[in-house]
Amino acid sequence: MELRNAVEAVTADDADLRGSSFKHVNLSEARFSQMNLSRAVFDDGAMAGCVFHNIGMAGCKFDDVSLVGASIGNANLRGVAINGCDISGLRIDGIEIAPLLAARKKAADA
């Protein structure tokens, strides 16, 4: 099935749409529930204001993304690696992380 230049709401329930491709598609305010997006690729898009609740994201890769102002709560971050990122203003349980890492680096260099 192909939709081109269409403006309409689509409801898919109990459907298998694997292998589908969406390009230049406005899915703002869409709702995804009880879905399987394993190995899906999200590239060059906007997800500002999205809410992820009760979602398994084990093994996901985030590269060249902006998480400015994002909030993470009640999450399992075991084994998460953060490398080469701007962490200015990053707080964990209210504690700013950048100064702690800078102090640790300074102590290690001494």
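The values are calculated or read from the model by the stated rules, or taken from the named source; none is laboratory data. Treat the numbers as computed from the prediction; the structure is a model and nothing was measured. Glycine gets a Cβ as well: all are built from the backbone with ideal geometry, and neighbour counts include every protein chain shown.
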Residue pairs meeting the criteria (Cβ under 9 Å; at least 6 apart or on separate chains; first closer than 17 Å to Ser66 by Cα, in the range 82-110; second surrounded by fewer than 10 Cβ atoms within 10 Å (Cβ to Cβ)): Gly89/Val68
Residue in the range 40-63 that is part of a loop (DSSP other than H, G, I, E, B), among the small types (Gly, Ala, Ser) and either touching a residue at least 24 places away in the same chain (Cβ under 8 Å) or in contact with a helix residue (DSSP H, G or I) (Cβ under 8 Å, 6 or more places away or on another chain) (or both) present: no
Among residues of the range 83-106, those that are of a type in the set (Asp, Glu) and within 21 Å of the chain's Cα centre (by Cα), counted: 2
Selection status of Leu27, without any contact (Cβ under 8 Å) to a residue 24 or more places away in the chain, assigned to a loop (DSSP other than H, G, I, E, B) and more than 28 Å from Ser88 (Cβ to Cβ): yes
Unmet criterion (only one of (1) surrounded by 10 or more Cβ atoms within 10 Å (Cβ to Cβ); (2) part of a loop (DSSP other than H, G, I, E, B)) for Ala6: (1)
Meets criteria (at pLDDT 95 or above, assigned to a loop (DSSP other than H, G, I, E, B) and not aliphatic (A, V, I, L, M)) for Asp13: no
Val68 vs. criteria assigned to a loop (DSSP other than H, G, I, E, B), free of Cβ contacts under 8 Å to residues at least 12 places away in the same chain, among the hydrophobic types (A, V, I, L, M, F, W, C) and exposed (fewer than 10 other Cβ atoms within 10 Å of the Cβ): yes
Candidate set: the range 89-110, residues that are assigned to a loop (DSSP other than H, G, I, E, B) and touching a strand residue (DSSP E or B) at 6+ places or on another chain (Cβ under 9 Å); chosen: the one surrounded by the most Cβ atoms within 10 Å (Cβ to Cβ): Leu90
Residues satisfying the stated conditions in the range 49-62, i.e. under 10 Å from the mean Cα position of the chain (by Cα) and over 20 Å from Arg91 (Cβ atoms): Cys50, Val51, Met57, Cys60, Lys61
